[in-house]
Amino acid sequence: MDCTCMELALEGERLCKAGDCRTGVQFFEAAVNSGTDDLKTLSAIYSQLGNAYFYLQEFGKALEYHKHDLNLARTLGDRVGEAKASGNLGNTLKVLGKFDEAIVCCLRHLDLSRELKDRIGEARALYNLGNVYHAKGKHTGRSGNQDPGEFPFEVKECLIKAAEYYEANLNIVQELGDRAAQGRACGNLGNTHYLLGNFSQAIIYHQERLAIAREFGDKAAERRAYSNLGNAHIFLGEFEVAAEHYRKTLQIAKQLCDKALEAQACYSLGNTYTLLKDYEKAIEYHMKHLKIAQELEDRVGEGRACWSLGNAHTALGLNEEAIKYASKHLEISKEIGDETGQVTAQMNLADLKSVLGIKAGPEGERPSPLDHLDVGMYRRAGISRRHSMEQMEIMKLAPDKKGDTTANHGGARPKIPKVQKSMTVASETIIPKSQSSMIETLSPEDDGFFDLLSKFQGRRIDEQRCSLTIPGEKNGISTSENKENEQTKAKMVSTTDSENFLDMVAGIQGSRMNDQRATLPQFPGLNSQTVINQYLRQRNVQDVPDDNFFEMLMRCQGSRIDDQRSALPHNRQAPTVPDEDFFSLIQKVQSSRLEEQRTILPDKEEEIPTKQSSIKKKKK
């Protein structure tokens with residue numbers, strides 16, 4: 001049975017409200033294919049299609065329909081529709097990582113809402129702006145390993161702007177009496193102040209968020225509030241309070257029957273008890289985390305659990321167990337390509353084997369998995385300079401073709417005849433007698449020797465240049481006639497190459513310029529273009545948007561070049577591991593404590609005299 005565009009759209013709306021967005025999208029698409037001349041209906045379909053695709057995380061399609069909605073609203077002169085479309089477009093661009101374009105759209109939403117005196121729309125625009133700046137700050141700060149409060153200026157600037165917009169949003173929703181919106185604003189303010197290092201202020205906002213979540217019985221929001229409170233108390237050094245919040249987080253995660261969230265809580269509790277030096281409890285919770293990570297096939301989480309279990313067993317002196325978990329950590333790190341994890345596991349294994357007196361790779365024994373890697377360059381004091389660099393000879397600039405036969409002189413400069421021979425073989429030039437005698441009279445300590453050396457080496461660069469072969473040239477001598485012919489041909493070649501190059505550039509740039517040309521909007525699902533023309537005539541305007549639209553367009557187009565750059569691959573998902581901010585915190589706090597637990601065994605020859613001397617001192 002044939003259905004009208006309106007009927008199909010209404011059915012799609014009903015399905016989306018019922019939670020079946022996939023089927024709802026199919027009805028909306030069918031409504032677009034059916035077509036209509038009612039621009040208001042078409043605008044509503046665009047908006048709901050964009051929102052449905054956003055919910056389905058198909059952000060490219062969501063962006064397409066929200067753009068159609070914005071263009072249609074501007075064509076109709078619908079300021080309310082333009083404000084909503086700008087907000088939806090800003091949210092989609094934020095998720096796609098196009099933060100500058102998202103900010104432009106959200107600011108347009110804010111300006112229109114204030115112009116229309118729409119307080120609810122203004123609050124939403126402020127909230128969206130806070131989200132965009134918060135996401136931009138986190139995205140920019142993710143490139144480094146800084147802890148909260150230690151981000152560079154550009155990251156802090158974004159986070160400060162986010163806090164300002166969230167504060168403005170909170171003021172409006174408090175006036176409107178919207179408690180649910182207040183809870184969202186407080187939660188985001190707590191997260192922003194946490195990243196800025198204002199942990200006491202973050203705790204105040206998260207406590208308010210927790211109270212509002214309890215009012216509404218929102219267990220998911222309550223769990224997030226407890227987890228965020230635990231993280232903030234960790235940074236204040238209040239580990240007992242943090243452990244209590246994490247325990248409540250674990251209880252709610254079990255009530256929600258979410259194994260990944262349960263594993264995250266166990267991971268946080270294990271690390272917190274490590275900080276409290278209660279290693280038995282730490283091992284208990286890390287084992288729970290490891291079991292869930294294995295169930296969910298989370299290899300990243302499994303590797304983190306093995307790492308933490310190895311450290312906890314080492315602290316208890318159970319070195320055999322620690323070696324087992326360190327070896328498993330190394331195996332998983334290799335599998336997932338975690339270079340930092342590999343180096344850490346190798347160092348832990350090296351230290352544990354040293355404590356147990358296990359020698360790496362003796363004859364007849366299975367080689368150790370860390371024998372082939374240079375662990376020395378990653379010592380815990382920092383990445384130090386390799387000793388091999390100190391042995392590098394400063395004068396080996398042009399090696400002999402026959403091979404390096406230079407004897408070891410303890411780092412001293414080689415003798416001059418060897419350098420002279422090396423230069424001669426490499427450059428294939430004959431040194432005149434006058435220069436040869438000059439070299440023989442120089443000593444390596446003379447500064448002139450290095451000047452002369454650099455002069456001879458400079459010829460080697462020129463030998464790698466290619467030059468045109470001049471017709472009629474004989475023994476390096478060319479006549480004036482040949483020179484004139486050469487210059488004429490060179491000009492012709494140069495002119496032809498230049499024209500070809502310019503044509504190529506014009507062809508490439510021409511397509512890019514065409515991409516930026518404005519065209520009349522094309523709206524899928526619109527049966528007749530004459531409807532648009534009637535609206536434009538009624539409004540007595542031309543088919544050209546106003547200056548504000550062009551300004552927004554230019555700012556959005558500025559990032560199109562960046563779209564052509566390849567992005568770094570996303571980090572592997574780890575559903576059982578909390579966010580990286582907390583993990584980097586644990587690494588930083590534990591690093592110094594783990595160092596204190598490491599011991600370097602003395603040599604056997606030195607060990608006995610030390611014990612005898614201590615015994616004599618006691619007798620005296």
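The values are calculated or read from the model by the stated rules, or taken from the named source; none is laboratory data. These figures come from a predicted structure and were not determined experimentally. Neighbour counts are summed over all protein chains in view; Cβ atoms, including those assigned to glycine, are modelled from backbone coordinates with ideal geometry. The protein model used for the area step is the full one, side chains on, heavy atoms only, and it has no ligands, DNA or RNA in it. Shrake-Rupley method; radii C 1.70, N 1.55, O 1.52, S 1.80 Å.
Quick notes on this one:
- What a 1.4 Å probe finds exposed on the stretch 249-306 is 48% carbon and sulfur by accessible area, rounded to a whole percent.
- Applied to the stretch 289-303, the Karplus parametrisation 6.51 cos²θ - 1.76 cosθ + 1.60 on θ = phi - 60° returns per-residue 3J(HN,Hα) values of 4, 4, 5, 5, 4, 5, 5, 8, 6, 8, 5, 5, x, 5, x Hz, with x for Gly and Pro.
- For the stretch 1-98, relative contact order (Cα pairs under 8 Å, six or more residues apart, normalised by length) works out to 20 percent.
- Note, ³J(HN,Hα) from phi for the stretch 342-349, Karplus 6.51, -1.76, 1.60, rounded to Hz, x at Gly and Pro: 4, 5, 4, 5, 5, 5, 4, 5
- On a per residue basis, the stretch 167-315 carries 40 Å² of accessible surface, using protein heavy atoms and a 1.4 Å probe.
- Note on Arg79 and Lys40: their simple-model spin labels are 1.8 nm apart, each label 7 Å out from Cα toward Cβ.
- Using R0 = 51 Å, the C-beta based FRET efficiency linking Lys281 and Asp20 works out to 0.65.
- Annotation: peptides 291-298, 328-335, 14-21, ranked by per-residue average of other Cβ atoms within 10 Å with the highest first, follow the order 328-335, 291-298, 14-21.
- Inter-centroid distance (Cα atoms) of the stretch 1-55 relative to the stretch 182-205, Å: 39
- Spin-label pair Ser354/Arg142, simplified geometry with 7 Å Cα→Cβ offset, distance in nm: 3.7
- Pairs exceeding a 30 Å alpha-carbon distance, out of Lys219/Lys328; Lys67/Lys161; Lys17/Lys161; Lys17/Lys94; Lys138/Lys334: Lys219/Lys328; Lys17/Lys161.
- Protection proxy ranking, highest mean first, for peptides 65-75, 280-290, 109-119, 194-204: 65-75, 280-290, 194-204, 109-119, where packing is the per-residue count of other beta-carbon atoms within 10 Å, averaged.
- Computed FRET value (nearest 0.05) for Glu215 with Arg114, which takes r as the C-beta separation and R₀ as 35 Å: 0.70
- FRET efficiency estimate (nearest 0.05) - Cβ-Cβ, Glu320 to Asn171, R0 45 angstrom: 0.15
- Accessible area, probe 1.4 Å, largest first, for residues Val173, Val95: Val95, Val173
- Candidate residues Asp38, Asp100: accessible-area rank, largest first, probe 1.4 Å: Asp100, Asp38
- Each residue of the stretch 135-142 was assigned a 3J(HN,Hα) from its phi angle through the Karplus curve 6.51 cos²θ - 1.76 cosθ + 1.60 (θ = phi - 60°); the sequence is 5, 5, x, 5, 5, 5, x, 6 Hz, with glycine and proline shown as x.
- When a 1.4 Å probe is rolled over the protein heavy atoms, the share of accessible surface on the stretch 60-167 that falls to carbon and sulfur comes to 48 percent.
- Modelled spin-label separation between Glu335 and Ile160, with each label point placed 7 Å from Cα along the Cα-to-Cβ direction: 4.6 nm.
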